[in-house]
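Colleague: What follows is a single structure, and I will ask about it in a moment.
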Amino acid sequence: MKILKTNLNKGEVTIAVQTADDLWHLSQIMEKGDYIKGKTLRKIQIKGKEERSTEAVKKPIWIKLLVESVEFHKYTNMLRAGGTIVEGPEEVPKAHHTFSFEEGTIATIIKEKWYSYQLKRLREASEKKTGRIIICAFDREEAVFALLKEQGYEILAELKGQVEKKLQKTETRNFYREIIHALQEYDRRYSPEHVILASPSFWKEELLKELNDSKLKQKLVLSACSNVQGGVKEVLNRPELQEVLKQERASMEAQAVEKLFAEISKSGLSAYGSKEVGEAANAGAVKTLLVTDGLIHRTRQQGSFAEIDGLMKSTDRTGGEVFIINSENEPGQKLDALGGIGALLRYKIHW
């Protein structure tokens, strides 16, 4: 997701959807009472060739929609916001409309108040880079090493091999060992969780034959690039990097849920279930609120989301952190078994 413009004084954030994952993030942010401004397709009645005849034609139009419902279908990656058109062309009635989001959609979301957990979710969706990943783009003659950061990346080094295309394969492998030595040094220095190897053709497979470091091997993710000099930028848009970032989020979710279960097991600073968590939130005792996206989806369908939404906003107002957990992963399934909601507390409310 790309954040194109932010004007929180007016409650406006303009975004561009770039991936299917962005739709999931947006489904956790948009809610009843929001406004959406953007282009959408709408059937328009136009006059036909014959007198008094009309026909319906789908046309792209600009509208402002008051959101009444949000529906996300994760298996088909479809996100729709239903509501009433409050602004639009003269020929468009102020009637119900469904605004569909897909890759490439640009829209402005307007809220009366943006809560910190909502803005955090937007930032997470827009920050595709992280400082815990090293990328090495290489072939048999040169290599570029980069450290990914939240904003951009830093080139750490560039290596040139001493090989020519006509030299023997054994000499090429010496350059592979130089690359491996550099990767081991960066592994010690930065302790990355992942190292992405990208190369044209089969060079990465050849390098793997030279690598005997089992610890480093566990961190490797193989990718592709058309050339070395532009290789780092290519990897930023490759699906391998997106999958790595998903794994990192899953790891964060697992740690949060495990911490909750550890506190529950020792009757510590924890609460679970909407009733207990509600009491803690009302007392301002919630430090971290964990809610599954499955619970959010279910309560929206049942028309009871207001209670969960209130707990999330109450936690935010009292300085707590709101963490939405994916129900498809094991941590989310464990939390769903407790009702889909739990909290780590600042202090006990029951003894």
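Colleague: Pick out the one residue from Ser100, Ser69 that is assigned to a strand (DSSP E or B) and more than 21 Å from the chain's Cα centre (by Cα).
Modeller: After ruling out the rest, the residue left standing is Ser69.
Colleague: What is the number of the single condition among (1) under 24 Å from Val221 (Cβ atoms); (2) crowded, with 21+ Cβ neighbours inside 10 Å that Glu234 does not meet?
Modeller: If we test Glu234 against (1) under 24 Å from Val221 (Cβ atoms); (2) crowded, with 21+ Cβ neighbours inside 10 Å, just (2) comes out false.
Colleague: Something else about it: Which ones in region 304-336 are surrounded by fewer than 15 Cβ atoms within 10 Å (Cβ to Cβ) and either outside any loop (DSSP other than H, G, I, E, B) or modelled with pLDDT of 95 or more (or both)?
Modeller: Answer for region 304-336, where residues must be surrounded by fewer than 15 Cβ atoms within 10 Å (Cβ to Cβ) and either outside any loop (DSSP other than H, G, I, E, B) or modelled with pLDDT of 95 or more (or both): Ala306, Glu307, Gly310, Arg317, Glu330.
Colleague: Let me ask something else about it. Considering only residues that are in contact with a strand residue (DSSP E or B) (Cβ under 9 Å, 6 or more places away or on another chain) and part of a loop (DSSP other than H, G, I, E, B), which ones fall in region 207-251?
Modeller: Answer for region 207-251, where residues must be in contact with a strand residue (DSSP E or B) (Cβ under 9 Å, 6 or more places away or on another chain) and part of a loop (DSSP other than H, G, I, E, B): Leu211, Lys219, Cys225, Asn227, Val228, Gln229, Gly230, Arg238.
Colleague: Within region 142-157, count every residue that is at pLDDT below 90 and either closer than 18 Å to Asn227 by Cβ or not assigned by TED's automatic domain parsing to the domain that holds Val228 (or both).
Modeller: Selection size over region 142-157: 1.
Colleague: Something else about it: If only one of Lys37, Lys64, Lys43, Lys49 is at pLDDT below 85, basic (Lys, Arg) and assigned to a strand (DSSP E or B), which one is it?
Modeller: Answer to the selection: Lys43.
Colleague: Looking at (1) of a type in the set (Phe, Trp, Tyr); (2) in contact (Cβ under 8 Å) with a residue 24 or more places away in the chain; (3) surrounded by fewer than 14 Cβ atoms within 10 Å (Cβ to Cβ), which is the one condition that is false for Phe202?
Modeller: In the conditions (1) of a type in the set (Phe, Trp, Tyr); (2) in contact (Cβ under 8 Å) with a residue 24 or more places away in the chain; (3) surrounded by fewer than 14 Cβ atoms within 10 Å (Cβ to Cβ), Phe202 misses (2) alone.
Colleague: Moving on to the next point. Pick from region 158-182 the residues that are more than 18 Å from Lys204 (Cβ to Cβ) and surrounded by 12 or more Cβ atoms within 10 Å (Cβ to Cβ): which of them is modelled with the highest pLDDT?
Modeller: Glu171
The values are calculated or read from the model by the stated rules, or taken from the named source; none is laboratory data. In this text the structure is predicted, and so the values were computed from the model without any measurement. For neighbour counting, all protein chains shown are included, and Cβ atoms are generated from backbone atoms with ideal geometry for every residue, glycine included.
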